[in-house]
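Structure record follows, encoded as structure tokens.
The values are calculated or read from the model by the stated rules, or taken from the named source; none is laboratory data. None of the values given here were measured: they were computed from a predicted structure. Using ideal geometry, Cβ is built from the backbone for each residue, glycine included, and neighbour counts are taken over all protein chains shown. Accessible surface areas use protein heavy atoms only, side chains included; no ligands, DNA or RNA. Shrake-Rupley method; radii C 1.70, N 1.55, O 1.52, S 1.80 Å.
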Amino acid sequence: MATGTDQVVGLGLVVVSLIIFTYYTAWVILLPFIDSQHVIHKYFLPRAYAVTIPLAVGLLLLLFVGMFITYVMLKNRKVTKKAQ
């Protein structure tokens, strides 16, 4: 069963995810249909970053997942050698 702290952290993660999703959706889907001179454009980065930021985050995620898998596999190999 989840404790109160776990529920608060989970709620915080959901709220942050919703904010990021809403911002990115407005940036990528709605902003191209709004006139480029409109004041709302100052709250968003240039469109080139709409591709590069998720790409960089995805590559970093793959890097960390690969490092974690490598660490776990090497750790298990050392435990297996000690057991023999």
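In summary, R47 fulfils each of the numbered conditions (1) surrounded by 10 or more Cβ atoms within 10 Å (Cβ to Cβ); (2) in a helix (DSSP H, G or I) with the single exception of condition (2).
Scoring S17 on the criteria (1) free of Cβ contacts under 8 Å to residues at least 12 places away in the same chain; (2) open to solvent by 90 Å² or more (accessible area, probe 1.4 Å) leaves a single failure, condition (2).
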